[in-house]
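Structure record follows, encoded as structure tokens.
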Amino acid sequence: MRITRKTYVLGFLLGAAVAAIGLAVYSSQRGAIAQPTLTVFKSPTCGCCSDWVTHMQNAGFKVRVEDVQDMATIKARFRVPYQLQSCHTALIEGYVIEGHVPARDVQRLLQEKPAVAGLAVPGMPVGSPGMEQGDRRDPYDVLTFTTDGQTQVYARYGLPELKQ
């Protein structure tokens, strides 16, 4: 059997195309594996926690939910200071995310990687992700916190601009 130049070139191009497709599939699968997972601990009956999970998924986070009956034990295990506690606690890449923290602040945290234990939105402020109630928006702060309980404002929401 004689191989012509045309057959050789077509075979080479076909082989290159198959290799390129294989590399693209491998790269996309590697990217999916490397994506961090947000693990959320919440009460099985909490609707606002489920709404926050949806907010995080809509922002592109891969989320794993663990429904638990005793949230106090979870908060103690991950050393969430009492004054910062809310209804759910999440973990991502070594950080604790407490309460209704907006997805963009979690994304910023993962980019900046500050030396903190995590982020918290204390309580359940109306208008925060998962706590939407019409047009009402209560002001609230997203706080960083350390394992020894020090806090610092990371982001502010719902405060009117100061006039100068």
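Of the residues in the range 94-139, how many are over 15 Å from the mean Cα position of the chain (by Cα) and in a strand (DSSP E or B)?
2
Which of the residues spanning the range 128-150 are surrounded by fewer than 15 Cβ atoms within 10 Å (Cβ to Cβ), of a type in the set (S, T, N, Q) and closer than 20 Å to Cys49 by Cβ?
Gln133
Is it true that Gly99 is crowded, with 21+ Cβ neighbours inside 10 Å, at positive phi and at pLDDT 95 or above?
Numbers: crowded, with 21+ Cβ neighbours inside 10 Å: yes; at positive phi: yes; at pLDDT 95 or above: yes.
Criteria met by Gly99.
Let's see how each residue does on (1) under 18 Å from Gly123 (Cβ atoms); (2) modelled with pLDDT under 95:
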{"position": "Lys42", "(1), (2)": "yes, no"}
{"position": "Thr54", "(1), (2)": "no, no"}
{"position": "Leu84", "(1), (2)": "yes, no"}
{"position": "Cys87", "(1), (2)": "yes, yes"}
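If a residue has to be out of contact with any Leu (no Cβ under 7 Å at 6 or more places or on another chain) and either among the hydrophobic types (A, V, I, L, M, F, W, C) or under 18 Å from Thr147 (Cα atoms) (or both) to count, how many in the range 107-124 make the cut? Write out each step before concluding.
Step one: of the range 107-124, the residues out of contact with any Leu (no Cβ under 7 Å at 6 or more places or on another chain) are 107-108, 110-118, 121, 123-124.
Remaining after also requiring either among the hydrophobic types (A, V, I, L, M, F, W, C) or under 18 Å from Thr147 (Cα atoms) (or both): 110, 113-118, 121, 124.
Within the range 107-124, residues that are out of contact with any Leu (no Cβ under 7 Å at 6 or more places or on another chain) and either among the hydrophobic types (A, V, I, L, M, F, W, C) or under 18 Å from Thr147 (Cα atoms) (or both) number 9.
The values are calculated or read from the model by the stated rules, or taken from the named source; none is laboratory data. All values derive from a computational prediction rather than experimental measurement. As a convention, Cβ positions derive from the backbone with ideal geometry for all residues, glycine included, and neighbour counts pool all protein chains shown.
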